[in-house]
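K.L.:
Supplied in structure tokens, the structure appears directly below.
The values are calculated or read from the model by the stated rules, or taken from the named source; none is laboratory data. The structure displayed is predicted, hence computed values, not measured ones. Cβ placement follows ideal geometry from the backbone for every residue including glycine, while neighbour counts extend to all protein chains displayed. Side chains included, ligands, DNA and RNA excluded: accessible areas come from the protein's heavy atoms. Shrake-Rupley method; radii C 1.70, N 1.55, O 1.52, S 1.80 Å.
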Amino acid sequence: VHINSYFHANPNQSYTSDFLHFQGPPTKSMLSSLAAKFSNRASASDPAAVDDDEDSEVAEEPGTDDVCGWWYWGHADSADHPPSSLQLNSMKLSLQTAPLKLSRDPAFYQDFAKYVLCPHYLDRQAEGTAPGTGCPFLGGKAFLRQPDVKKRLEEVPKRLAAGEIERKNELGYLLLSPATFPLTGSIGLGNDLETHRKQRRCIEDVLSPSKLPNRQGWQEEAALFLAECQKKRKFKVRSSVTKWWFQMLFKHVLGDALSTSDAADFTKFQMAWLQGAVLSGPNAFVEKFANFGSVTEAVWPVSKIIQAQEQWRHRIKKKLPASVPEVDRDVAAQGILEMFVFAGGLSVPLTIHCALAVLYRRDLMPSPVKITEANVDVFVYEVMRLFPAVQGFCYWEKGERQVLSLNAALRDPGVWGPDAAKFTLKDLDLYKQHFVGFANGASTSDGSFDSKACPGMQMSLDVVQGFVLATCRWQPTTTRAHVYWAPKQVPKPQGVHKKWFADFELMIQDWLDGDQTGEALLEELQPVELARLLQEIGQADNQESKLAALLGPSKDRDNASRLGACNLNTKVFYELSRKRFKELSARSASLKPDVSKPGPASRYFDLHFAGGSPVIRLPVQDSMKKMVRDSIAAKIGDVLKDKIDDNLDPMMFVDNHLHRCAAIMLCQEAFAKSEGEKPPPHSNARSDSYLPKPHATFKDITTDESQVAIARCGMGQLYLKSNTYDHLKDFGEFVCDMSVLGSFKVRPAFERLGATAVFKGETNGSWKLTAIDWKHGDK
């Protein structure tokens, strides 16, 4: 009743409740920070999303440079400086990378290691250089400014055809081992012109937009994948999406059905080939240990990589279009195989992974922008801008490596503005004009097949946009109306060389079942906003929450983390209440109606609050296990009693719509239960929550109709009587009188209780709420 009275409070006023009465000084000002963040709903990309509380002031979110020490998005031309954790220490870097001087290409490997260890290293190399000039990097010359990169990309196809420059066996910044490319001696990007043209002709044909699904089609495919994941209730994003994507490539590019087990095998082959090509060791050494099981499970000898290549190339060759000449089918199949392994097979899952990570991290996308059909294109462009799957593009001129840093060009403040280091949704035309990701710009007219730009860029955009839209929407289900995905933990950032973010797990959330009061408010939020809210509530990690977690049912202890903003007695109250509701479902007496005479429990657990508030007595059982548990709780309370305070911090006031949503979610999540056996027929327990199930629910309890129903047919009957008040007689003949509560003293931060509702009978027998005599306001 206390909790429901909070849910049903008038949303148009400032109010508090008995639920929040139990809050002490917050270890993290959960509700206030949530409201501050979630009330900042307006954005250039979503002008309709306005603040629910017009008077609230929201602090400006820090830039991503300030909140992430795992990478640095500065630029040589930027006025920003890297955080202290990423400040360049030239001597330290030199010592760390000194052993690489013994490698086969010391200038390349030592520079690359410095870049991995300190992303700011490349920016520092370019500081002070004039436009159009490069800086030393990877044993050659690097260009970081967007105009320089774009100009050189546009010149690449023509200069390659003229023989002025050449490409070698490289992938982005990486040197590849020719031994792992026995058919041509190089990855397709570095093949001679004629071989490259044969491969490019076939790839452009199978990737033609007319032969592939559009964004809506990819959204439908993503929805089917997510529906399949619902059966297991969770999935690892990057690893699961990678296998799904291989199935999609074989299905839509080749018309070949790749089974789940085949997709897993192809994923292992991809990782082995990547490792063998990039980090090749002495083949004789690897071959010698080929029979040592787990020792070489992830490290394939070159012979095994080549054998697997031949098997997959043969499968692809059989599915090529008939228009590919027989003499060209081997090199064409090899080109598509390399595209699956090194190009789209890597970039699309990585970009989906980063896009979902951004959605669930508030420090990357501060305002809760609703991702819709109208702005998903700029959202994905911004993900690709700050988290490019392809870091660089290299070619050779007169024996010197020329490095075009796509990563740096995509954060050049001269093009992207002073907020280039922040995740902000920009104008679509800006992306279309200046985006150089995927080597966009290194293209030629149709028919020449000399283009070096990614032939599948449009497909990548459509796939990622479709997947994001599928994730952002309520998930279809036959049992629940509002089901959504949320990460088990906030996606953890990692270095550039570790694919930006650690793989993270999404879990299905289906606790919004439509029968809990207050859910209508939460249903107004987008699923991603709910998932963010869930993460904010669950971020507390302190000793008190760990101790309190020991008190609750073991299957649902994770829910105790939602109570991180509450003091210890609040947590104990929650945990004992949850335990009590759980026990209701197991009571044999619930198999039949309980007709025994009500009476006091044999034992109670007392919750003491400071400031003169009355003690709350919870009925508990007499078993030794229960008494031991309660004793532990009491001891914890004694140890921490000096921290208990009955005052409510002003930051914890629930005074707007978003505060209210946060508190509703806190309560329902804290009491959420793993669904199990159906409770006995006469139990008030429920299978999905430790809260008792209401017999009837109100979509909006604040309406006049709901108030009439409660007064006339619900608990309000206890206080219903004829209207004998002179000052109220003109309003109606019945009153629901709770005015006696107005005599109770309350703490300074709270409104005085007490009110009298007046009802007037209508000619059709119904009642109408005509007035409320409010004691706190004396009106």
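K.L.:
What residues qualify as long-range amide H neighbours of residue 171, i.e. H under 5 Å apart, gap of 5 or more or another chain, H built at 1.01 Å from N?
P.N.:
Answer set, sorted by chain and number: 176.
K.L.:
Let me ask you something else. Quick one: if the Förster radius is 25 Å, what FRET efficiency do residue 448 and residue 396 give, using the C-beta to C-beta distance and rounding to 0.05?
P.N.:
Efficiency at R0 = 25 Å is approximately 0.70.
K.L.:
Filter the chymotrypsin sites (Phe, Trp or Tyr not before Pro) in the range 700-779 to those in DSSP coil with at most 10 other Cβ atoms within 10 Å of their Cβ, and list the result.
P.N.:
744
K.L.:
Please work out how much accessible surface residue 727 shows to a 1.4 Å probe, ignoring ligands, DNA and RNA, in Å² rounded to 10.
P.N.:
Approximately 110 Å² for this residue.
K.L.:
Report the normalised scattering of the range 127-229 as log10 I(q)/I(0) at q = 0.11, 0.12 Å⁻¹, calculated by the Debye formula with identical scatterers on the alpha carbons.
P.N.:
For the requested q values the scattering log ratios are -0.60, -0.69.
K.L.:
Express the relative contact order of the range 340-474 as a whole percentage, based on alpha carbon pairs under 8 Å and six or more residues apart in sequence.
P.N.:
29
K.L.:
How would 778, 462, 704 line up by accessible area, probe 1.4 Å, largest first?
P.N.:
778, 704, 462
K.L.:
Another question, then. If I take every Cα pair under 8 Å that is 6 or more residues apart in the range 404-497, average their sequence separation and divide by the length, what percent do I get for the relative contact order?
P.N.:
14
K.L.:
May I pose another question? Quote the relative contact order of the range 83-153 in percent (integer), defining contacts as alpha-carbon pairs under 8 Å separated by 6+ residues.
P.N.:
23
K.L.:
Let me ask another. Distance in nm between label sites at residue 523 and residue 745, each 7 Å beyond Cα in the beta-carbon direction?
P.N.:
Placing both labels 7 Å beyond Cα along the Cβ direction yields 4.5 nm.
K.L.:
Let me ask something additional. Sort 507, 715 from largest to smallest accessible area, using a 1.4 Å probe on the heavy atoms of the protein chains.
P.N.:
Result, largest first: 715, 507.
K.L.:
Write down the accessible area per residue of the range 321-478 in Å², having rolled a 1.4 Å probe over the full set of protein chains.
P.N.:
Dividing the accessible area of the range 321-478 by its residue count gives 29 Å².
K.L.:
Related question: Assuming R0 = 56 Å, what is the FRET efficiency of residue 194 and residue 231, from their Cβ-Cβ distance, to the nearest 0.05?
P.N.:
0.70
K.L.:
Using R₀ = 41 Å, calculate the FRET efficiency as 1/(1 + (r/R₀)^6) where r is the Cβ-Cβ separation of residue 372 and residue 204; round to 0.05.
P.N.:
0.80
K.L.:
How about the range 156-185: which trypsin sites (Lys or Arg not before Pro) there lie in a loop by DSSP and see at most 15 other Cβ atoms within 10 Å?
P.N.:
Those satisfying the criteria are 168.
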